[in-house]
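Below: one structure, written as structure tokens.
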Amino acid sequence: MKYDSIIFDWAGTTVDYGCFAPVKAFIEAFEAFGITPTLEEVREPMGMLKIDHVRTMLSMERISKLWEEKHGKAWTEKDVKKVYELSEKKILEIVDQFAEPKPYVKETIAELRKMGLKIGSTTGYTDEMMDIVVPAAKEAGYEPDCWFSPDSVGKCGRPYPYMIFKNMQELKLQDVSRVMKVGDTVSDIKEGKNAGMVSVGIVEGSSVMGLTEEEYNALPEAVQDALYHKVAGIYYAAGADHVVKDIRGILHLIK
């Protein structure tokens, strides 16, 4: 199969090893309303439009019950907006610190471009967040040919495929079968499959893995292997066509 383009996610895929900027922001936002979410609860909806992410968390049985206990009533859309607005404020305060490209990203992107592929991107961040992330990543050496956030598609973020189609329009691509979607969350995989294209999950540094680079590298090889298979299983269950250890695996798939 020949490809014309790869469409990457941002946090957890090409920048921000472990996808920690939104995790930190969501935890602090919920804590401000008297609820401490678990890392699993925060990461499960990762990759979605951020307000959808908050709504999904509030719909979780444990969090929903805690909200009712803390606030004396079930949560409403007004509460979704309040938690989201605080989480957005917190992300905007820190996101510039989480734009460093992950290992092997710059070299792999350069190699893909030598092969003639165009580099697109989608994200769960808003335009305002991306206005901070994109220049910071560029300064650090990573810049895709284009990017689109849910703001560009009427707030219909993942798992809707519309950001992908905006990339295809911008890059003048005709055939979804010649485009590959790469990401680090279940939402990324579903976004790609809903667009009708090959979808690939990245393991190391992913939101699903949820470890810092230091934590991962400190693990014994056998534990790393077990973690790989666990994360891969989550991607495959979501419909992934392929799973790679890190971004260099994309080159093997292309070749």
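Taking the numbered list (1) in contact (Cβ under 8 Å) with a residue 40 or more places away in the chain; (2) over 28 Å from Lys166 (Cα atoms) in turn, Pro101 passes all entries but (2). For segment 197-233, the set of residues classified as crowded, with 19+ Cβ neighbours inside 10 Å and of a type in the set (S, T, N, Q) consists of Ser199, Ser206, Ser207, listed by residue number.
Considering only segment 44-66, I want to know if a residue exists there that is touching a Cys at 6+ places or on another chain (Cβ under 7 Å) and of a type in the set (A, V, I, L, M, F, W, C). Yes, the conditions are met somewhere in segment 44-66.
Filtering segment 14-56 to residues that are of a type outside the set (Ser, Thr, Tyr), touching a Pro at 6+ places or on another chain (Cβ under 8 Å) and in contact (Cβ under 8 Å) with a residue 40 or more places away in the chain leaves Val15, Phe26, Phe30, Met46, Met48, Leu49, Lys50, Asp52, His53.
Scanning segment 234-255 for residues that are open to solvent by 40 Å² or more (accessible area, probe 1.4 Å) and not β-branched (Val, Ile, Thr) turns up Tyr236, Ala237, Asp241, His242, Lys245, Arg248, His252, Leu253, Lys255. Screening the candidates Tyr3, Tyr17 for the property of being open to solvent by less than 40 Å² (accessible area, probe 1.4 Å) and over 24 Å from Glu214 (Cβ atoms) yields one hit, Tyr3.
One line per residue, one yes/no per condition, for (1) part of a helix (DSSP H, G or I); (2) modelled with pLDDT under 95; (3) open to solvent by 10 Å² or more (accessible area, probe 1.4 Å):
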site: Gln97; (1), (2), (3): yes, yes, yes
site: Leu112; (1), (2), (3): yes, no, no
site: Gly116; (1), (2), (3): no, no, yes
site: Ile119; (1), (2), (3): no, no, no
site: Val133; (1), (2), (3): yes, no, no
site: Tyr142; (1), (2), (3): no, no, no
site: Asp145; (1), (2), (3): no, no, yes
site: Ser152; (1), (2), (3): yes, no, yes
site: Tyr160; (1), (2), (3): no, no, yes
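Exactly one residue among Glu77, Glu93, Glu44 is within 24 Å of Pro159 (Cα to Cα) and at pLDDT below 95, and that residue is Glu44.
If I filter segment 150-157 for residues that are free of Cβ contacts under 8 Å to residues at least 60 places away in the same chain and of a type in the set (Asp, Glu), do I get at least one hit? There is at least one residue in segment 150-157 that is free of Cβ contacts under 8 Å to residues at least 60 places away in the same chain and of a type in the set (Asp, Glu). The single residue among Val23, Val42, Val54 that is open to solvent by less than 40 Å² (accessible area, probe 1.4 Å), in contact with a Leu (Cβ under 8 Å, 6 or more places away or on another chain) and part of a helix (DSSP H, G or I) turns out to be Val23.
The values are calculated or read from the model by the stated rules, or taken from the named source; none is laboratory data. All values derive from a computational prediction rather than experimental measurement. All Cβ positions, glycine included, derive from the backbone under ideal geometry; neighbour counts span all protein chains shown. Note: areas computed on protein heavy atoms with side chains; ligands, DNA, RNA excluded. Shrake-Rupley method; radii C 1.70, N 1.55, O 1.52, S 1.80 Å.
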